[in-house]
Amino acid sequence: MRETKSKGSVKSVKVTELELTSSELHFQPEQDLVLQITNASLGIRFQRQLLYWFFYDGGYINASAKDISIRTALRLFRDPAGRMKVFNISCQASISRMHAAFGGTFRKMYEFLSVFITSGMRFLLNQQICPVLYHAGMVLLNSLLDTVPVRSSVDNLIGIDYSLLKDPVVSTSSLDMDFRGAFFPLTQGNWSLPNQAVEPQLQEEERMVYVAFSEFFFDSAMESYFQAGALQLSLVGDKVPHDLDVLLRASYFGSIILLSPAEIDSPLKLELKVTAPPRCTIKPSGTTISVTASVTIALAPRNQSEVQLSSMIMDARLSAKVTLRGKALRTQLDLRKFRIYSNQSALESLALIPLQAPLKTMLQIGVMPLLNERTQRGVQIPLPEGMAFVHGVVTNHAGFLTIGTDLRFVKGLRKVIEKNWPATTVGPQASSAPPPSTAAV
């Protein structure tokens, strides 16, 4: 038996040039997202080494591919978790011309055989383009889409569900996605609110992205906080503004004077409790939130039952200014209208008129800052990691509002993909790529 001792290697492969003379990414019905590249060129330099018994060859090869054409289409769908994913890729690729320059010991011999060598290199490159693109879409792009939050907590009380309701719909000019866009109490994960809001209509095309929020989006947030028991406030003793404390004690002096000394000197308690979920109304003129709450005034003696002095109903109307900063949708609330009345009698309602102004002041000073502290934290709009909205403009319509905005990368795309690279994936072959015959040679 004869033993042949040979060894060859290719190393230090570098892409020295990449020129995309004409590239276009566009939407296309039935094919969803299409990338078309024409007249591209690619330059590669690598070192070769060959050892065959006592015969050694070493040197470099500078290869350039010209007139590269690639057409690949991505099909999008909604996965079981409600996230947009790539589920199929079609690809056609061709290289029209290939040229190579050789260096090293047997440079002349390689130049003599250059026609055969470059034909083989062109064939091999043709066979590799589509599998690489298939891996980029099915593995790398899907790993990026996995970073889009679908169902997450907003705070320790409520969460939000941004899952897709159906597969994305593609037209010649847009990619349309219908999200659930509903909040829910964390203690009731399967809770849902019937959506009776107006269906938003998006017609603008000047910006990269348009996001629409119906009244249902805001109603579900307030309903969730209501179900979680968060829409109530109790002020006792020093928490009640001093001027308001004095006014309330004077207003109910007739009732207080009949109590025992321990009850007379006890701290005053003011309790506000929303009695029904607030509702949002969106009009071209602005956004308002209507709130109805009960107001209870009582004395709270230590180690004794509370002594109720009065109970009334409060109706308030808040204006809401919605803004977009980064990925966060933020709201600034302002108290516009306020009135209190008795649910017992019209005569008692008249007696409450002197309390209107001080109670409204108390709400503006003591309650509204607490609400705005929460609403200014914002709610995240789902985007892949590393991307953010810029130059967002909010426009009100009848029953919904829209945000027109552009996108930009705030992190390097390569860093984001490497961070979220699937642990089981080691290269293009791990993505079950289609056979190289999909490339047009």
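The values are calculated or read from the model by the stated rules, or taken from the named source; none is laboratory data. Since this is a predicted model, take the numbers as computed values, not measurements. All Cβ positions, glycine included, derive from the backbone under ideal geometry; neighbour counts span all protein chains shown. The protein model used for the area step is the full one, side chains on, heavy atoms only, and it has no ligands, DNA or RNA in it. Shrake-Rupley method; radii C 1.70, N 1.55, O 1.52, S 1.80 Å.
Before moving on, here are some points about what is shown:
- Which listed residue, of 193, 133, 157, is at pLDDT below 90 and in contact with a helix residue (DSSP H, G or I) (Cβ under 8 Å, 6 or more places away or on another chain): 193
- Of the candidates 175, 124, 140, the single residue that is within 29 Å of residue 413 (Cα to Cα) and more than 38 Å from the chain's Cα centre (by Cα) is 124.
- Qualifying residue in the range 223-241 (condition: in the same structural domain as residue 324 (by the TED database), outside any helix (DSSP H, G or I), under 21 Å from the mean Cα position of the chain (by Cα) and aliphatic (A, V, I, L, M)): no
- Single match in 365, 289, 313, 297 (criterion: hydrophobic (A, V, I, L, M, F, W, C), outside any loop (DSSP other than H, G, I, E, B) and in contact with a Pro (Cβ under 6 Å, 6 or more places away or on another chain)): 289
- Matching residues in the range 46-56 - criterion: being modelled with pLDDT under 70 and either part of a strand (DSSP E or B) or touching a strand residue (DSSP E or B) at 6+ places or on another chain (Cβ under 8 Å) (or both): 50, 51, 52, 53, 55, 56
- Residue within the range 155-163 that is in a strand (DSSP E or B) and out of contact with any Leu (no Cβ under 8 Å at 6 or more places or on another chain) present: yes
- Just one of the listed residues (116, 106, 77) is among the aromatic types (Phe, Trp, Tyr) and at pLDDT 85 or above, namely 77.
- Of the residues making up the range 256-266, those that are outside any helix (DSSP H, G or I) and closer than 14 Å to residue 308 by Cβ are 258, 259, 266.
- For residue 246: the one exception among (1) within 24 Å of residue 362 (Cβ to Cβ); (2) without any contact (Cβ under 8 Å) to a residue 40 or more places away in the chain; (3) assigned by the TED database to the domain that holds residue 193: (3)
- Test: residue 256 is at pLDDT 85 or above and surrounded by 14 or more Cβ atoms within 10 Å (Cβ to Cβ): no
- Unique match (being closer than 30 Å to residue 163 by Cβ and open to solvent by less than 40 Å² (accessible area, probe 1.4 Å)) among 120, 82: 82
- Just so you know, in the range 318-356 the residues that are modelled with pLDDT under 85 and of a type in the set (A, V, I, L, M) include one that is most open to solvent (accessible area, probe 1.4 Å), and it is 347.
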